[in-house]
1. Given a Förster distance of 45 angstrom, what is the FRET efficiency for Arg135 paired with Lys213, based on the Cβ-Cβ distance and rounded to 0.05?
2. Any idea what angle helix 218-229 forms with the longest principal axis of the chain, computed on alpha-carbon atoms, 0 to 90 degrees, nearest 10?
3. So, for region 23-159, what is the accessible surface per residue at a probe of 1.4 Å, expressed in square angstrom?
4. According to the Cα gyration tensor, what semi-axes, each the square root of 5 times an eigenvalue, does the equivalent ellipsoid of region 125-179 have, listed from largest to smallest in whole Å?
5. What does the helix-only formula give at 222 nm for the chain: each DSSP H stretch with n ≥ 4 adding -39500 (n - 2.57), the total divided by the residues, and the result rounded to the nearest 500 deg cm²/dmol?
6. Show me the GluC sites (Glu not before Pro) within region 22-112 that DSSP assigns to loop and that have at most 16 other Cβ atoms within 10 Å of their Cβ.
7. Round to the nearest 10 and give me the degree value, 0 to 90, for the angle of helix 58-69's Cα axis relative to the longest principal axis of the chain.
8. Would you mind calculating the relative contact order of the chain from Cα pairs under 8 angstrom and at least 6 residues apart, reporting the percent as a whole number?
Amino acid sequence: MIPALSRQLTLDLTTPPAHARADFLPAPANADALAVLDAPQTWPQGRMLLIGPEGAGKTHMAAFWAAENGARRVTAASLRPDAADQLAAEGGALVVEDADHAGFAAGAEQALFHLWNLCAPRDCLLLLTARAAPRDWGLVLPDLRSRMDAMPQVRLGAPDEGLLAAVLVKLFADRQQSVPAGLIDWLVLNMDRDLGLARRLVAAIDRAALADKRPINRRIAAELLDKLTTPDA
């Protein structure tokens, strides 16, 4: 007989995050970026770099932009020089996510350089996403560094309290978790306005609630927020 377990095994039953435009949360922090993405005809040579911190919404924006513009989506780390010609389709569109990882993947820098050179003459829109400016990508190829530095950019700003609250609600909903009244307001007042932290915190709360077979409450949230934000001794 299999012995009873005191803690429930946690399985990742999270539904995939909703990345349609209808699920996007417009706010002052992303208004400029959204306006720029909605006007690709104004991009210099059809190129744009979207910069924002972890969890700020880059993937969500890239997903619905790609869907609306018939774009392919690839990660920078997966780029290979011999695939650049196929990715830069005539009159098409391409999204390269996590471009700041190109400097740490074999062949990715050369592939990104090829894409830069191919997309404009082929009238292929090119959208890159990254967490930081190109100077912090660790690029080795001088020609690629200069082109990335010159690329037009738009940034996602820091979230306000309203956006942080809305993101927390969405993250719990994506995990099919209900939370007690007042918990979202308490979290907004007690945590940094960091959407990456919000994502990690909700995931940790969800795992803890499932493992211990108990409903989400403020005590669980407070314990995990402290754990995630207190530096190791």
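The values are calculated or read from the model by the stated rules, or taken from the named source; none is laboratory data. Treat the numbers as computed from the prediction; the structure is a model and nothing was measured. Here the Cβ is made from the backbone with ideal geometry for all residues, glycine too, and neighbour counts use every protein chain on show. Only protein heavy atoms, including side chains, enter the accessible area calculation; ligands, DNA and RNA are left aside. Shrake-Rupley method; radii C 1.70, N 1.55, O 1.52, S 1.80 Å.
1. Details: r = 49 Å, r/R0 = 1.08.
Efficiency, rounded to the nearest 0.05: 0.40.
2. Helix 218-229 sits roughly 40 degrees off the main axis of the chain.
3. On the way: 6040 Å² over 137 residues.
With all protein chains present, region 23-159 gives 44 Å² per residue.
4. On the way: eigenvalues 250, 31, 21 Å².
Equivalent ellipsoid of region 125-179: 35, 12, 10 Å, largest first.
5. Details: 9 runs with 99 residues, N = 233.
My calculation for the chain gives -13000 deg cm²/dmol from helical runs alone.
6. Working: sites: Glu54, Glu68, Glu90, Glu97, Glu109; in loops: Glu54, Glu90.
Answer by residue number: Glu54, Glu90.
7. 50
8. Over the chain, the number comes to 25 percent.
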